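Undergrad: Can you read through this structure? Questions will come right after.
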Amino acid sequence: MKLIYKGKFDGDENSLPSSEPVEGAVMFKEAADMKQFAILVNVLAVVVMVIAFVLFFWRGGIMAFSFWGYLLFMLSLFPHELLHGLCFKENVYLYTNWKQGMLFVTGPEHLSKARFVFMSLLPNILFGFLPLLIFLIDPSHNILGTFGAISIGAGAGDYYNVYNALTQVPKGGKIYNVGFHSWWYLPKGE
């Protein structure tokens, strides 16, 4: 995997690296554009984060919130995307879109459904669910609890992609990107 920083995403879907279309591929039923995606994901992020913080405050109380956990979250934004990128074998491109509150990676590689789901969830497991679980077991780890609860919400776009893959892509399917959109197909002979 080679990570290539592309800078600020200009909003032009056609400027994103894309895979060559595959005959018979089906586009995910998903947000029509980056703006619609951002709105959907931000609403989902709030819902998911509220649930995570209900658990957090239930276990540790309001005083358990840690500024250091919040700072750790801010420092994890790039590593979060790097973990996505590590799941690719080919080139991965990193973009920023701070106006819509996003930092994202994309690549033209074709991934199996299982690898796509793993790639999408890996940073959320390591930075979100695992630290929050450690806190729920032992509330003295309030830095990890704060970090985990916030990180769980930050993974909303990833959960959306996983939901689409699990509900739309049949067993044995491969997933790839054309611009902003994900497509799936069944390889010949399967």
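The values are calculated or read from the model by the stated rules, or taken from the named source; none is laboratory data. Nothing here was measured: the structure is a model prediction, and the numbers come from that model. Every residue, glycine as well, gets a Cβ built from its backbone with ideal geometry; the counts of neighbours run over all protein chains shown. Just so you know, the surface numbers come from the protein's heavy atoms only, side chains and all, with ligands and any DNA or RNA stripped out. Shrake-Rupley method; radii C 1.70, N 1.55, O 1.52, S 1.80 Å.
Undergrad: In degrees between 0 and 90, to the nearest 10, how far off the longest principal axis of the chain does helix 156-168 point, with axes built from Cα atoms?
TA: 50
Undergrad: Follow-up. Only four residue types carry charge here, +1 at the Cβ of Lys and Arg and -1 at the Cβ of Asp and Glu. Report the dipole size of the range 36-179 about the Cα centre in Debye, rounded to the nearest 20.
TA: Magnitude of the dipole: close to 280 debye.
Undergrad: Also: Can I get the semi-axes of the range 42-109's equivalent ellipsoid? Compute them from the C-alpha gyration tensor as square roots of 5 times the eigenvalues, in angstrom, largest first.
TA: 30, 13, 12
Undergrad: ASN42 to LEU75: extension gain in nm, 0.36 nm per residue of separation minus the Cα-Cα distance?
TA: Between ASN42 and LEU75, full extension yields an extra 9.9 nm.
Undergrad: Give me Rg/Rg_expected for the range 82-132, where Rg uses Cα atoms only and Rg_expected = 2.2 N^0.38 Å with N residues.
TA: Details: Rg = 12.0 Å, N = 51, 2.2 N^0.38 = 9.8 Å.
Cα-based Rg divided by the globular estimate yields 1.22.
Undergrad: On to the next question. Using a 1.4 angstrom probe, figure out how much accessible area the chain has per residue, in square angstrom, rounded to the nearest whole.
TA: That works out to 54 Å² per residue.
Undergrad: For the chain, give the share of DSSP beta bridges that are antiparallel, in percent and rounded to the nearest 5; count only bridges with both residues there.
TA: 75
Undergrad: Taking a quarter of the surface of the Cα convex hull of the range 1-87, what do you get in nm²?
TA: Mean shadow area of the hull around the Cα atoms is 8.7 nm².
Undergrad: Something else about it: TYR5 to ILE51: FRET efficiency via 1/(1 + (r/R0)^6), r the Cβ-Cβ distance, R0 25 Å, to the nearest 0.05?
TA: Working: r = 33 Å, r/R0 = 1.33.
The formula returns an efficiency of 0.15 here.
Undergrad: Quick query: amide H of ALA31 versus all other amide H atoms, modeled in the peptide plane; which residues come in under 5 Å with a sequence gap of 5 or more or a different chain?
TA: Under 5 Å from the amide H of ALA31: no residue qualifies.
Undergrad: Divide by every residue of the chain the summed helix terms, -39500 (n - 2.57) for each DSSP H run of at least 4, and state the resulting mean residue ellipticity at 222 nm, rounded to the nearest 500 deg cm²/dmol.
TA: -15500 deg cm²/dmol
Undergrad: Also, quick follow-up: Calculate what fraction, in whole %, of the accessible area of the chain sits on carbon and sulfur atoms when a 1.4 Å probe is rolled over the protein chains.
TA: Whole-percent figure for carbon plus sulfur exposure: 67.
Undergrad: Now, a different point. Quick one: 3J(HN,Hα) in Hz for the range 63-77, Karplus 6.51/-1.76/1.60 with θ = phi - 60°, rounded, Gly and Pro as x.
TA: 6, 6, 4, 10, 4, 5, x, 5, 4, 4, 4, 4, 6, 8, 4
Undergrad: Still on this model: Could you compute the longest span of the chain free of trypsin sites (Lys or Arg not before Pro) located in DSSP loops and having at most 12 other Cβ atoms within 10 Å, not counting the site residues?
TA: 90-170
Undergrad: Shifting gears a bit: Classify the range 105-190 as rounded, prolate or oblate, taking a ≥ b ≥ c as the square roots of the eigenvalues of its Cα gyration tensor: rounded when a/c is under 1.5, otherwise prolate if a/b is larger than b/c and oblate if not.
TA: In terms of gyration-tensor shape, prolate.
Undergrad: Karplus couplings for the range 176-183 from phi (6.51 cos²θ - 1.76 cosθ + 1.60, θ = phi - 60°), rounded to Hz, Gly and Pro as x?
TA: Taking θ as phi minus 60°, the curve returns 8, 10, 10, x, 7, 9, 9, 10 Hz for the range 176-183.
Undergrad: On to the next question. Evaluate E = 1/(1 + (r/R0)^6) for LEU166 and LYS89, where r is the Cβ-Cβ distance and R0 equals 25 Å; express this FRET efficiency to the nearest 0.05. Write out the running numbers ahead of the final one.
TA: Numbers: r = 23 Å, r/R0 = 0.90.
It comes to 0.65.
Undergrad: Which one of ALA165, ALA114, ALA154 has the biggest mean-square fluctuation once the chain is modelled by GNM with Cα springs under 10 Å?
TA: Maximum among the listed residues: ALA114.
Undergrad: Let me ask something else. For the chain, modelled as a GNM with alpha-carbon contacts under 10 angstrom, which of ASN124, ASN14, ASN161 fluctuates the most?
TA: In the Gaussian network model the winner is ASN14.
Undergrad: Principal axes first, then extents: for the Cα atoms of the chain, list largest minus smallest coordinate on each axis, whole Å, largest first.
TA: Taking the Cα atoms of the chain, the three principal extents are 56, 35, 29 Å.
Undergrad: Straight-line reach from LYS174: which lysines fall under 22 Å, measuring Cα to Cα and dropping same-chain residues less than 8 apart?
TA: By straight Cα distance, LYS174 reaches LYS2, LYS29, LYS89, LYS113, LYS188.
Undergrad: Would you pull out the residues with amide H under 5 Å of MET102's amide H, same chain only if 5 or more places away, H placed 1.01 Å from N?
TA: Answer set, sorted by chain and number: ASN97.
Undergrad: What list of ³J(HN,Hα) couplings, whole Hz, do you get for the range 16-33 from phi and the Karplus terms 6.51, -1.76, 1.60, once you set θ to phi - 60° and write x for glycine and proline?
TA: These are the phi-based 3J(HN,Hα) values: 6, x, 9, 8, 5, x, 9, 4, x, 5, 10, 6, 4, 7, 8, 3, 5, 8 Hz.
Undergrad: Take ASP138 and LEU126, extend 7 Å from each Cα along the Cα→Cβ direction, and tell me the distance between the two endpoints in nm.
TA: 2.2
Undergrad: When Lys and Arg each count +1 and Asp and Glu each count -1, what net charge do the other residues less than 15 Å away from ASN97, Cβ to Cβ, add up to?
TA: Net charge around ASN97: -1.
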